[in-house]
Structures are given as structure tokens and as C-alpha cells.
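Asker: Okay, here's the structure, questions in a sec.
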Amino acid sequence: MLNLSKELENAKTIGISGHIRPDGDCIGSTMALYLYLKKNKPDANIRIFLEKPAEIFSCIKDIECVEDARECNDEFDFFFCLDCSKDRLGDAEHLFDSAKKTVNIDHHRTNAGCGDFNYINADASSTSELVFELLNTEKLDKDIAEALYIGIIHDTGVFQYSNTSPHTLNIASELISYGFNFPRLIEETFYQKTYLQTQILGRALLESIMVMDGKVAVSVIDLKMMDFYGVTPQDLEGIVNQLRNIKGVDVAIFLYQLRTLEYKVSLRSNENVDVSKVCAYFGGGGHMRAAGCTLMGTSHDIVNNLTREIEKQYKNS
Ligand code: AMP
Ligand code: MN
Ligand code: MN
């Protein structure tokens, strides 16, 4: 396993980043690593680059230290790419490319590893779980534990999804021993929705359609609708999971429009279908039960193309 403290011994500048449109695991894992290195390598300059985190994550210590990578051209001694491969770093990709040494920590089965050092494990619930394994547990504190816990609950749906292992729960058990208010964290970062988020969720469910004999649920939110409700992509988090909850549904497809003829696709599956394969086929990736990609075309064509790939898996099984 990667020995972090040994590898980082001579590093004076360390950068950390994660994927575009950062989710709870991306923010939790990068912030935990940031807080840990700041605390335990006080002589090094540690920086973190992400797209603006959603308001719900403002409870994480030092979240205001997150920087915009477009405003930085430094060459780092070490650069960390977390919860993705470098092609999804967005504005931070140039910092990864110019760094002297790079580290890639991820749990996506579609990531082969893009760093000089790679710690990739598709069996891990989350990147936060992998970061926990790399850190010296004697050097954690309550703030670091809280960030890791947020990452884990977001990627496991609060320990509900099949990626939750006994190991995940052991880590969570160690983390809550730091004494933070975990019921409140779960409520405020995972379940709570603003009124507008609840309205757009309702609209998406109301307008959903069932295809492939009720095995696939589909919903699409276009820019006009987002504008009408005054919501951003961050407000659409969780809609796809609600679609998967429909009885009889194997796969949930949720699309939201990015611009004319371009949609962000989220897939979730129960059993039977490996959605990471479907998304990898279209240039995206993810996990067996949760994956995503970005596709061009009308929403109608995109849904047709996706269902054709899903259909293939039924035929092959
Ligand atoms: P999402 O539907 O965006 O919430 O993504 C579901 C899972 O798939 C998450 O673990 C994402 O990090 C991953 N994912 C989404 N889009 C991509 C992509 N284009 N390439 C690789 N992984 C992705
Ligand atoms: Mn993620
Ligand atoms: Mn993740």
C-alpha cells in the first residue's frame, strides 16, 4: 500500500483536487486529505482545488479554503487526483499534468489509474474509505473524521447501497468515536432539501415515464424547467435514486440538460444491469449500480441509445 508520509517527506507544495460537479464523496475525501496534511505537514504549502461546493457542505472545516483552479498556474511537488481519473478533473487537469509527482486515489471500476502512484480499489464504498486507509489513524481529529464520514454516507446512501461492506461500517464506527453530531450531519447534508429542490423532484417524478415493460424509469429536466424553478444542477441530486425506488424498476435514467443538444446522464440500477458498462460504452463510467456520462443529441435519442445498450445486457444474460 502507498506509504503517504514517506512519499510526501520532501514535498513542499501539495495540491489536491477531485472531479467536476463534486459530490459528497469527492468533497469529503479531498477536504479530509487537505485537513490531515495541513495538520500533520505544517511546513508544506497545501492547497485544494474544486468547483464551488454546494451550500450543504459548509459545515466542513476550512471549506472556504477551496480554490478555483483556473486562477492557479503553480507547479506542485505532489498533486492528488481523488474520486476520478484525471480526465474528469476539469479546470484542475493542468495542475495534475504539470506536477512533479502525482497520486490517484479512486474507487471507480472504470478507472485504470492515472498517477505515478495509484490507490484504486473498486470494492471500496467510497474514495473517503480509501483515504481513511492511507492516513495514520493516530493523527486524525474530529474535523477530519467528519469530512470522511460525510464522504462515506453520500456514496453509500447512508450505508444502504450494496457497496457498504463490514469494513465500511468498521471505519464509520471508528469515525463516529470522534464524537461529532452524526444524526445532524446525515439530516443536513443528505436528506434535507430546500423547497425548490422538493418542487423540482416532484416535477421530475410526475413527468417520468416507464419504458422496457416497466423495467426502466426515465425522467428528463431541461434548461427551461430549471430556469422556471430557479434551480441549478446541484439541486437535482437524488432525483435518480427516487426513480430507482419504483417497484419493478431495474434501471433509472435521469437526464438534465447542460446546453442545447447536450445532457448529463445519471444511471442507477438494482440487480440485473451493470450501468458502469452502459456509461463506459458512451465515454463515461462509474460503478455497477451508479454511473454517469455526458451525451449529445435530443433527450429522445439519448434515451433510445441508452435503452438499446441496457437491452443488450438482458439479451446476453
Ligand atoms: P452521477 O450519476 O453523476 O451521480 O454519477 C454516478 C457515479 O458515476 C459517481 O460515482 C460518479 O463519480 C460516476 N460518474 C459519473 N459520470 C462519470 C463519467 N463521465 N466518467 C466516470 N465516472 C462517472
Ligand atoms: Mn464522486
Ligand atoms: Mn466516490
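Asker: What's the number of the condition Gln234 fails, among (1) modelled with pLDDT of 95 or more; (2) surrounded by 12 or more Cβ atoms within 10 Å (Cβ to Cβ)?
Answerer: Among (1) modelled with pLDDT of 95 or more; (2) surrounded by 12 or more Cβ atoms within 10 Å (Cβ to Cβ), Gln234 violates only (1).
Asker: Could I ask something else about it? Which residues, counting only those in the range 267-317, are touching an Asp or Glu at 6+ places or on another chain (Cβ under 6 Å), part of a helix (DSSP H, G or I) and either among the hydroxyl-bearing types (Ser, Thr, Tyr) or surrounded by fewer than 17 Cβ atoms within 10 Å (Cβ to Cβ) (or both)?
Answerer: Matches in the range 267-317: Tyr281 only.
Asker: Turning to a different aspect of this structure: Please work out if Gly157 is small (Gly, Ala, Ser), surrounded by 14 or more Cβ atoms within 10 Å (Cβ to Cβ) and on the phi > 0 side of the Ramachandran plot.
Answerer: yes
Asker: Go through (1) away from ligand 2 (no atom under 16 Å from the Cβ); (2) assigned to a helix (DSSP H, G or I); (3) surrounded by 17 or more Cβ atoms within 10 Å (Cβ to Cβ) and name the single condition Gly115 misses.
Answerer: Unmet for Gly115, out of (1) away from ligand 2 (no atom under 16 Å from the Cβ); (2) assigned to a helix (DSSP H, G or I); (3) surrounded by 17 or more Cβ atoms within 10 Å (Cβ to Cβ): (2).
Asker: Would you mind stating whether Phe49 is more than 16 Å from ligand 3 (Cβ to nearest atom), open to solvent by less than 10 Å² (accessible area, probe 1.4 Å), touching a residue at least 24 places away in the same chain (Cβ under 8 Å) and closer than 22 Å to Leu258 by Cβ? Before the answer, list the steps.
Answerer: On the way: more than 16 Å from ligand 3 (Cβ to nearest atom): yes; open to solvent by less than 10 Å² (accessible area, probe 1.4 Å): yes; touching a residue at least 24 places away in the same chain (Cβ under 8 Å): yes; closer than 22 Å to Leu258 by Cβ: yes.
It is true that Phe49 is more than 16 Å from ligand 3 (Cβ to nearest atom), open to solvent by less than 10 Å² (accessible area, probe 1.4 Å), touching a residue at least 24 places away in the same chain (Cβ under 8 Å) and closer than 22 Å to Leu258 by Cβ.
Asker: Can you tell me which residue in the range 1-55 is farthest from ligand 2 (Cβ to nearest atom), limited to those that are among the charged types (D, E, K, R) and assigned to a loop (DSSP other than H, G, I, E, B)? Walk me through it before giving the result.
Answerer: The first filter runs over the range 1-55 and keeps only residues among the charged types (D, E, K, R), leaving 6-7, 9, 12, 21, 23, 25, 38-39, 41, 43, 47, 51-52, 55.
Applying the additional criterion that residues be assigned to a loop (DSSP other than H, G, I, E, B) yields 9, 12, 21, 23, 41, 43, 51-52.
Working: Glu9: 29, Lys12: 29, Arg21: 9, Asp23: 4, Lys41: 25, Asp43: 31, Glu51: 12, Lys52: 16 Å.
The extreme case among them is Asp43.
Asker: Looking at Asp97, Asp74, can you tell me which residue is more than 15 Å from ligand 2 (Cβ to nearest atom), exposed (fewer than 15 other Cβ atoms within 10 Å of the Cβ) and touching a residue at least 60 places away in the same chain (Cβ under 8 Å)? Even if it seems obvious, please write down each step before you answer.
Answerer: Working: Asp97 fails: touching a residue at least 60 places away in the same chain (Cβ under 8 Å).
The conditions single out Asp74.
The values are calculated or read from the model by the stated rules, or taken from the named source; none is laboratory data. Everything numeric in this text was worked out from a predicted model, so none of it was measured. No Cβ is skipped: glycine too gets one built from the backbone with ideal geometry, and neighbour counts run over all protein chains shown. Keep in mind that these areas ignore ligands, DNA and RNA; they rest on the heavy atoms of the full protein, side chains included. Shrake-Rupley method; radii C 1.70, N 1.55, O 1.52, S 1.80 Å.
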